[in-house]
Amino acid sequence: MTEHNRVGELQQSLAGAGYIADRALAATLLLFTELQRPLLLEGDAGVGKTEVARVLSDVFACPLIRLQCYEGLDVNSSVYEWNYQHQLLAIKLLERGEVSPDSAEQHIFSQKYLLERPLLRAITQPDSPVLLIDEIDRADEEFEAYLLELLSDFQISVPELGTITARSRPYVILTSNGTRELSDALRRRCLYHYLEYPDFDKELSIIHARVPEIGPQLARQVVAFVQELRKQDLRKKPGVAEALDWVAALLNLRVTGLAEDPQAVVDSLVCLLKTREDRAAIHEPLLERLIAQAV
Amino acid sequence: MNATPTNLATSIQSRLVGFVRMARFNDFRVGVAEEIDTQRVAALCGVDDVQRLRWGLRALLCNNQDDWERFDELFDAYWRPGNVRQRIQEQPRAATLRKPSQDAGSASGNANQPAASEADEPGYDEGDNAAPTGVRSGASAFERMAGADFRQLVDDGQMRELERLAEQLARHMRRRLIRRQKVQRHGRRIDLRHTFRASLRYGGTPLELVFRHRYRRPPRLLLIVDVSRSMSLYSNVFLRFARGIVNAFQEASAFAYHTTLVPITEALRQSDPIRMRTSLALISQGWSGGTRIGECLEKFNRDYRRLLTSRTLVMIVSDGLDTGEPALLARQLADIRQQCRKLVWLSPLLGREGYEIKTASMLAALPHIDVLAPAHNLQSLLALEDTLSSL
């Protein structure tokens, strides 16, 4: 009973922070906070994977630390680096005073000269932050292996300083777009949730939550249109983010209904269709049919 | 009074253990840590709320989209008996089958001679596990067979040997590729900016030189194998080759096509050859039909484009005998080429004497291909390494 309520509660507080989650996702997130395992989110681009991390940090009122992965990401830009300029300055200054070499060395290799990069910052926070490791599939295998070690021990060793153990366990969220298959070891260690495109009702409430000034009629039409558009044979299906962009564009053009102003719809399609082929695929008659269906 | 709840708890615990076991049989990758966590999940979610338990276990046990989609069926089959039990329990049979074949492997493995019908698997296990003997026999066998056209090997034993060699070749390829790239690491020009940056940590003395030409990463390989009827003499060899590739290169992926395109990476990654065969058989219904390269590549472009990066090397293995429309094929190839590093077309026909490219589809494809190479024997597969390392 109480469990049941807690899922609902979390769902509500997520909604309060502007994120409409279905019960299944809320249940996963509740489990995620309780088990303290990393969570791997997969799903098409634009379904709101990154948003989950942002909204969790809002709900828990804790900082969000984000690490954007890319090819060639290394320890220097993800974990720590020494602040060489400051160290050199310090050495010059120390040369004048009478400080023993030992203590000088200790001084220049102290926390003061350590530049914290996202991963180190995440484990040195006094309270658990949300650590978002975005698009982990873009990083190299080597980095993935390193991450695996970090995620199991939550400690980082800096040769000159020693081992830094986590003061609090961050809530780790990983997202992946599937450009590369992740290692089984990493997958096994994580909780997994696959985010789908939202259904009609969910998308409608997302739009109402994000753009409160939209009229109920236009919102309904927009959602119907976008849902239908996703069923078309497109190279890049519009995500929720695109739908929100489109709503903003329509409001800017002062459109009150799709049928009233078809030209504005055509003009603003750039928000939804992101390749030349897709733009060509949605030709005039098809567009008219889509609008007619949505209205 | 006291005994009842504990009894209940133990019975639920053992039910959970049973569920995890069943998930494992169905190819979910579940470690011991996850198994322990299932108990925690059950305690947290409460077993009285089926939906909550389902979501909890799903998040814990699933590893990818495929698992995600299969999970509900599995869950219902186990926790709600009388539903769909039969379909799910088919697979454990494959797992139990495994034992006899492995025994057979150790028994006939030393004989090193492909015996009766099941001899395929022993040869396999040998190549994978018992490295020393397997590799040596492979080396001499390689020379013996290197020049033979795949289609001339009609003998079953030779065929299997060949398949095994093709797979081994792919595995070795990775090692050699990486070694070559390490050699390249030195030399070339010094990158002054980075050298100065690196010298800061030594007080301005450039102890660490940074070179312009740095470690080059191995390409991502993507194989698209034609398994249509016209390729039937070759497709087994190439599937084994593909298996070697996806097992050696973590970032590799493979597809098979005839009239439609299917991803086979996961199936090839199965360590158990029997299971691999079963899953290939499952996704291959209707194999060896006609060929529709254009449509298949269109499907690829629609659903799997994300696999293409500037580091991807696409290899299409096909004889180019196509019943589809040449213009469509050309368009799709142009599209793929735009997104990838290099597009290689391997054709087994190219090795035949007197073969000329005459089919409309092949002519249409030509302008969009970076490298057109023969692939009719082991030597030609070996020559691929140069293509790969020249990237």
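Worth a mention:
- Summed over region A:212-238, residues that are more than 14 Å from chain B (Cβ to nearest Cβ), surrounded by 17 or more Cβ atoms within 10 Å (Cβ to Cβ) and outside any helix (DSSP H, G or I) total 2.
- Yes/no for A:A26 being more than 20 Å from A:I164 (Cα to Cα), within 12 Å of another protein chain (Cβ to nearest Cβ), without any contact (Cβ under 8 Å) to a residue 40 or more places away in the chain and more than 15 Å from the chain's Cα centre (by Cα): yes
- Filtered residues of region B:38-76 (kept if in a helix (DSSP H, G or I), among the hydrophobic types (A, V, I, L, M, F, W, C) and farther than 13 Å from B:V20 by Cα): B:A43, B:L44, B:C45, B:V50, B:L53, B:W55, B:A59, B:W68
- Only one entry of B:F75, B:F25, B:F19 meets the criterion of being more than 8 Å from chain A (Cβ to nearest Cβ) and under 25 Å from the mean Cα position of the chain (by Cα), and that entry is B:F25.
- Yes/no for A:A145 being hydrophobic (A, V, I, L, M, F, W, C), more than 14 Å from chain B (Cβ to nearest Cβ) and either surrounded by fewer than 19 Cβ atoms within 10 Å (Cβ to Cβ) or in contact with a His (Cβ under 8 Å, 6 or more places away or on another chain) (or both): no
- Among the conditions (1) among the charged types (D, E, K, R); (2) within 14 Å of chain A (Cβ to nearest Cβ); (3) touching a residue at least 12 places away in the same chain (Cβ under 8 Å), B:R302 misses just one, which is (3).
- Every condition in (1) modelled with pLDDT of 85 or more; (2) surrounded by fewer than 17 Cβ atoms within 10 Å (Cβ to Cβ); (3) within 13 Å of chain B (Cβ to nearest Cβ) holds for A:I173 except the one numbered (2).
- Hey, A:G18 under 15 Å from the mean Cα position of the chain (by Cα), surrounded by fewer than 16 Cβ atoms within 10 Å (Cβ to Cβ) and modelled with pLDDT under 90 or not: yes
- Test: residue in region B:234-249 that is modelled with pLDDT under 75, under 25 Å from B:E385 (Cα atoms) and out of contact with any Pro (no Cβ under 6 Å at 6 or more places or on another chain): no
- Taking the conditions (1) within 14 Å of another protein chain (Cβ to nearest Cβ); (2) part of a helix (DSSP H, G or I) in turn, B:F255 satisfies each one other than (2).
- One residue alone among A:D140, A:D134, A:D102 is at pLDDT 90 or above and either in contact with a Leu (Cβ under 8 Å, 6 or more places away or on another chain) or away from every other protein chain (no Cβ under 14 Å) (or both), and that residue is A:D134.
- The single condition among (1) of a type outside the set (S, T, N, Q); (2) surrounded by fewer than 20 Cβ atoms within 10 Å (Cβ to Cβ); (3) in contact with a strand residue (DSSP E or B) (Cβ under 9 Å, 6 or more places away or on another chain); (4) not in a loop (DSSP other than H, G, I, E, B) that A:A264 does not meet is (3).
- Residue match in region A:76-83 (condition: out of contact with any Leu (no Cβ under 8 Å at 6 or more places or on another chain), farther than 30 Å from B:V41 by Cα and in contact (Cβ under 8 Å) with a residue 12 or more places away in the chain): yes
- Matching residues, region B:314-335, being surrounded by fewer than 22 Cβ atoms within 10 Å (Cβ to Cβ) and aliphatic (A, V, I, L, M): B:L321, B:A327, B:L328, B:A330, B:A334
- Region B:258-275, residues that are under 14 Å from B:V246 (Cα atoms) and modelled with pLDDT of 75 or more: B:P263, B:I264, B:T265, B:E266, B:A267, B:L268, B:R269, B:Q270
- Members of region A:133-163 found to be touching a Phe, Trp or Tyr at 6+ places or on another chain (Cβ under 9 Å) and within 28 Å of A:L182 (Cβ to Cβ), listed by number: A:E135, A:I136, A:R138, A:A139, A:I156, A:V158
- A:A45 being facing chain B (nearest Cβ under 9 Å), under 15 Å from the mean Cα position of the chain (by Cα) and touching a residue at least 12 places away in the same chain (Cβ under 8 Å): yes
- Between A:L151, A:L73, A:L89, A:L119, the distinction of being within 14 Å of chain B (Cβ to nearest Cβ), closer than 30 Å to B:G203 by Cβ and either surrounded by 17 or more Cβ atoms within 10 Å (Cβ to Cβ) or in contact with a Ser or Thr (Cβ under 6 Å, 6 or more places away or on another chain) (or both) belongs to A:L73 only.
The values are calculated or read from the model by the stated rules, or taken from the named source; none is laboratory data. None of the values given here were measured: they were computed from a predicted structure. So basically every Cβ, Gly included, is an ideal-geometry build from the backbone, and we count neighbours across all protein chains shown.
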